[in-house]
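Inspection log for the structure reproduced underneath, given as structure tokens.
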Amino acid sequence: MNIAAYEVGTQLPSLEIPPISRTTLALFAGASGDHNPIHIDLDVAKSAGLEDVFAHGMLSMAYLGRLLTSAFPQHRLRSWKVRFTAITPVHAAPTCTGTVSAIDEADGERLAIIDVRVTTDSGVETLLGQAVIALD
Amino acid sequence: MPLDQSVIATDTGGGTMLITRSLLRRFAAATGQHDPVYIDVDAARAAGHPDLPVPPTFFFSVDLESADPAVYLADLGVDLRTVLHGEQEFIHHRMAHAGDELSTTSRIVDVSSKKGGLLEFLRRETAVRGQDGAIVCVTRTVLVVRSPPAAARQEAR
């Protein structure tokens, strides 16, 4: 859909991600430069009192980035902000969604505010935030 | 150990990263990105980019391009195992592409605590600049430091 037609309530096509494997966590650690062992080393996770490793928050935010750049060209993305509201366990399958919550104007630019969210297949909300995109 | 207010405005270093197609393709593979614009140079050029574009969250990784990006946490006495990512914001000023050399400067902008110190919040701001010195992106991060579990405290003694 053409973003010029965005209006309050418009939903971006959702993005469903397959279950996050340990391989994905290892590849993301290397590719993102976030080598925190809590995400890739079961021994370290257990030493911190956790049952298992969990996904990087930035992996879920990267999925949200894919949701946004699939819907419109990246240069339109002005800013975005998320809260990580729960950890994403290994093997969880996240779904990213976005809904236009406001159309605004700033500095002569028409902007869409998009409420973005990630939930796992267990129904747990893991990321919640807003993105601001330029419409024209 | 409570984070002292005196750490506010502490420079936490930064990094410089020459953005290569290879780095971007590995990031695309790790994040399941199959959009050819982010993988294939011809597709990127057809979409108006001079080369593969840097995807929006990759700017977070530029600041991790140093020998030990978590050293500032260790210096503050924070056990990395107790750190959670609380919030993340990106303010995009312009696009960056493979071939660009990006640099960061980062500082701690605030620390605070909740639940009688069981949770501490560390706010950092990072400026990502291009080789011309102009701002490409500003990132704001909130890290949550949990009080370590009893078992881990025992071990640390």
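We did not get these values from a lab; they are worked out from the coordinates using the rules stated. Quick caveat: nothing in here was measured; it's all calculated off a predicted structure. Positions of Cβ are generated from backbone atoms using ideal geometry, with glycine treated the same way; all protein chains shown enter the neighbour counts.
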**Item:** Positive-end residue, the protein assembly as shown charge dipole about Cα centroid, Cβ charges, pick of B:119, A:72, A:14
**Value:** B:119
**Message:** Given the DSSP H assignment, sum -39500 (n - 2.57) over each helix run of at least 4 residues in chain A and divide by its residue total; what's the result at 222 nm in deg cm²/dmol, nearest 500?
**Reply:** -7000 deg cm²/dmol
**Request:** Calculate how steeply helix B:21-30 sits against the longest principal axis of the alpha-carbon atoms of chain B, using the helix alpha-carbon long axis, and give the answer as 0 to 90 degrees to the nearest 10.
**Result:** 60 degrees
**Asked** Could you state the number of Å between the C-alpha centres of the range A:39-79 and the range B:122-137?
**Response** 21 Å
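Note down the magnitude of the dipole of chain B about its Cα centre, charges +1 on Lys and Arg C-beta and -1 on Asp and Glu C-beta and zero elsewhere, to the nearest 20 debye.
It works out to roughly 460 debye.
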**Residue-averaged [θ]222 nm for chain B, counting only DSSP H segments that reach four residues, each worth -39500 (n - 2.57)** = -5000 deg cm²/dmol
**Message:** Neighbour counts of other C-beta atoms within 10 Å: give me A:28, B:121 arranged from fewest to most.
**Reply:** B:121, A:28
**Message:** Between helix A:57-71 and chain A, what is the angle of the helix's C-alpha long axis to the longest principal axis, kept within 0 to 90° and rounded to the nearest 10?
**Reply:** 30 degrees
**Asked** Which one of B:20, B:126, B:139 has the biggest mean-square fluctuation once chain B is modelled by GNM with Cα springs under 10 Å?
**Response** B:20
**Asked** Using the Cα gyration tensor of the range A:60-112, with a ≥ b ≥ c the square roots of its eigenvalues, what is the shape: rounded (a/c below 1.5), prolate (a/b larger than b/c) or oblate (neither)?
**Response** prolate
**Message:** Exposed loop sites here are GluC sites (Glu not before Pro) in DSSP loop states with at most 14 other C-beta atoms within 10 Å. What is the longest stretch of chain A lacking them?
**Reply:** A:52-136
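Can you put B:61, B:106 in order, fewest other beta carbons within 10 Å first?
B:106, B:61
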**Request:** Please build a GNM for chain B, connecting alpha carbons under 10 Å apart, and tell me which residue among B:96, B:28, B:127 fluctuates the most.
**Result:** B:28
**Asked** Once the Cα atoms of helix A:22-32 and of chain A are each reduced to a long axis, what angle between those two axes, in degrees from 0 to 90 to the nearest 10, is obtained?
**Response** 60 degrees
